[in-house]
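Structure record follows, encoded as structure tokens.
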Amino acid sequence: MAQFDVYVNPQPASREFVPYVLDVQSELIDQLATRLVMPLSRVGVGAARLPLNLCLPVQIDAEDLIVLAHMAAPVPARLLKKPVASLRHRASEISAALDAVISGF
């Protein structure tokens, strides 16, 4: 599994609002049974008051979504199937968003 790969949300109950999840876990700890992911949400797209340092706008398959860094959570790695996209080109912004959650900057 590669850091910054995007997967279909493995939780069918929330897939309508969160169609994808973004793997943000370092490949150095691939041996763990879980992966840390951030939801990519349809909710909040276009909202003017979202803090952009936490809620990055992205596009997956021509759909506008929001990365919700403050809602990062572990999921079992076995539930993440084939990646559908990569956001590696946005790695510094995604890492900064996670840092903002942790440090407040």
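Readers should treat all values here as calculations from the given coordinates under stated rules, not as data from a laboratory. What you are looking at is a predicted structure, and each value in this text was computed from that prediction instead of being measured. Note that we place each Cβ from the backbone using ideal geometry, even for glycine, and neighbour counts take in every protein chain shown.
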**Complete:** If unit charges are put on Cβ atoms (+1 for Lys and Arg, -1 for Asp and Glu) and the dipole of the chain is taken about its Cα centre, the option from 52, 74, 94 lying farthest towards the positive end turns out to be 74
**Request:** Identify which of 41, 92, 26 has the largest mean-square fluctuation in a Gaussian network model of the chain, with springs joining Cα atoms closer than 10 Å.
**Result:** 92
**Message:** Quick check: net charge around residue 50, other residues with Cβ under 15 Å of its Cβ, Lys/Arg +1 and Asp/Glu -1?
**Reply:** 0
**Message:** Students often get this wrong, so try it: which of (1) 2, 12, 22, 23, 16, 11, 7, 4, 2, 1, 0; (2) 2, 14, 26, 26, 20, 9, 3, 0; (3) 2, 10, 15, 17, 17, 13, 9, 7, 6, 3, 1, 0 is P(r) over Cα pairs in 5 Å bins from 0, in percent as calculated from the structure shown?
**Reply:** (2)
**Calculated [θ] (222 nm, deg cm²/dmol) that DSSP helices of n ≥ 4 give over the chain, each run adding -39,500 (n - 2.57)** = -4000 deg cm²/dmol
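Please work out how much length the chain gains when fully extended from residue 102 to residue 85, using 0.36 nm per residue of separation minus the C-alpha to C-alpha distance, in nm with one decimal.
So the chain would gain 3.5 nm between residue 102 and residue 85.
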